[in-house]
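Sharing a structure below in structure tokens format, with a few things to ask.
Just so you know, all these numbers are worked out from the coordinates, no wet-lab data involved. Predicted model, so just to flag it, every value in this text is computed and none were measured. Virtual Cβ from ideal backbone geometry, glycine too; neighbours counted across all protein chains shown.
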Amino acid sequence: MKTPMDYLHEPRIQPLFHDLLAEKKLELAILRLDEVHPLVSGNKFFKLKYNLQQAKKEGKSMILTFGGAFSNHIHATAAVSQIEGFKSIGVIRGEGTDSKNPTLAYAREKGMELHFVDRKTYREKNTYSVIEDLKQKFGDFYLIPEGGTNGLAIRGTSEILGEKTSSFTHVLTPIGTGGTFAGLAESLLPSQTLVGISVLKGEFIRKELEELMEQQEIRPQGQLQIETQFHFGGYAKWKPELIEFIQWFWQKFQIPLDPIYTGKMGYALWEKIKNDHFPSHSKILIIHTGGLQGSQGFTHRTGIELPYSFKVK
């Protein structure tokens, strides 16, 4: 039986060229994690890698995890569970959710059993009582948190940076649950600055990341910056200028971005370049964390066609 590693492609570093970059004397490239695996996109591959190894080590045959109706994590977990021979359960936020949306339809196609809960129960998903109720209903399972972020996920995302990225002075990534940011922080070089673009509304993410890195005993050698002003209203929220930027970026570079994570990161990057945030001769690397299936969900919700639509396989 094939494992996710059998499908792994070495992520390429793609240079980007534009007159503004030349004017500001900057070098820019994008790490194409969206290309590492045909089904388990981007950072989700790295987050799930060691969790699945641990599930096997514990002799588990079932994976249970949590997510929203358009979750990249649900999409990826359903796919990788089928590849690895696990039964999968997705606990989905919202009882009135449209189960025919592209993400959930794909998850069901990959064999995931969907269990819808009300928002109050979902908020209490990490409590003993909720977990015990789920065990009573489904039996013994290996639990992966919402978004996939735990110590094993961070072990995986710490492998994203390496020798091939050592020459970059700045690394940019979107921030959701923080697992990718924490992993990148762990492998950051003293000469590098990691800039995280939060897709969530609010300053709470700073404290959550501080607690996460303290818990995982991460002591970054480089500098960390967290930007919280590019959320466009909050998680999965958007404004016309974000969609216009995603379309512009596609026209200029032929690289698809999604409106939930990478589009907001890209928008933030370009604003920072225009406003001279980066010193001349900086070498900037942006992390394409995948999640392009989210573009289908966006179109499903809004009717707005994006320049690129992730094709499920």
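How big is the Cα convex hull of the stretch 1-154 in projection, averaged over all directions, in nm²?
Working: hull surface 45.7 nm².
Its Cα hull, projected and averaged over all orientations, spans 11.4 nm².
Also, I was wondering about something else. Would you please classify the overall shape of the stretch 87-239 from the alpha carbon gyration tensor, given that a ≥ b ≥ c denote the square roots of the eigenvalues, rounded means a/c under 1.5, and beyond that prolate means a/b larger than b/c while oblate covers the rest?
Details: a/c = 2.03, a/b = 1.74, b/c = 1.17.
Because a/c hits 1.5 or more and a/b exceeds b/c, the stretch 87-239 counts as prolate.
Output the pairs from LYS47/LYS283; LYS252/LYS272; LYS60/LYS207; LYS44/LYS274; LYS201/LYS264; LYS56/LYS100 with a Cα-Cα distance over 23 Å in this structure; if there are none, say none.
Numbers: LYS47/LYS283 26 Å; LYS252/LYS272 18 Å; LYS60/LYS207 33 Å; LYS44/LYS274 31 Å; LYS201/LYS264 12 Å; LYS56/LYS100 31 Å.
Result: LYS47/LYS283; LYS60/LYS207; LYS44/LYS274; LYS56/LYS100 exceed 23 Å.
Still on this structure, I have one more. Cα centroid distance between the stretch 17-69 and the stretch 246-313, in Å?
Between the Cα centres of the stretch 17-69 and the stretch 246-313 lies a distance of 15 Å.
Place the peptides 238-247, 252-261 in order of packing, highest mean first, counting for every residue the other Cβ atoms within 10 Å and averaging per peptide. Don't jump to the answer; show the numbers that get you there.
Numbers: 238-247: 16.3, 252-261: 21.4.
With the highest mean Cβ count within 10 Å placed first, the list reads 252-261, 238-247.
Order the peptides 39-45, 184-190 from the highest to the lowest mean number of other Cβ atoms within 10 Å of their residues.
Details: 39-45: 27.0, 184-190: 19.9.
Result, highest mean first: 39-45, 184-190.
Summing -39500 (n - 2.57) over the DSSP H runs of n ≥ 4 in the chain and dividing by its residue number, what mean residue ellipticity at 222 nm do you reach, to the nearest 500 deg cm²/dmol? Please list the in-between numbers first.
Values: 12 runs with 122 residues, N = 313.
Rounded to the nearest 500, the figure is -11500 deg cm²/dmol.
When the gyration tensor of the chain is built from Cα positions, what are the square roots of 5 times its three eigenvalues, in whole Å, from largest to smallest?
On the way: eigenvalues 198, 93, 69 Å².
For the chain, the ellipsoid semi-axes come out as 31, 22, 19 Å.
Using modelled amide H (1.01 Å from N, peptide plane; none on Pro or chain starts), what sits under 5 Å from the amide H of ASN150, excluding residues fewer than 5 places away?
Amide H neighbours of ASN150, under 5 Å, 5+ apart: none.
When Rg is the radius of gyration of the Cα atoms in the stretch 219-313 and Rh is its Kirkwood radius, what does Rg/Rh come to? Walk me through the numbers before you get to the answer.
Working: Rg = 14.4 Å, Rh = 14.5 Å.
So for the stretch 219-313, dividing Rg by the Kirkwood Rh gives 0.99.
Could you order peptides 116-127, 71-82, 168-179 by the average number of other Cβ atoms within 10 Å of their residues, highest first?
Working: 116-127: 13.7, 71-82: 27.5, 168-179: 24.5.
The packing order, highest mean first, is 71-82, 168-179, 116-127.
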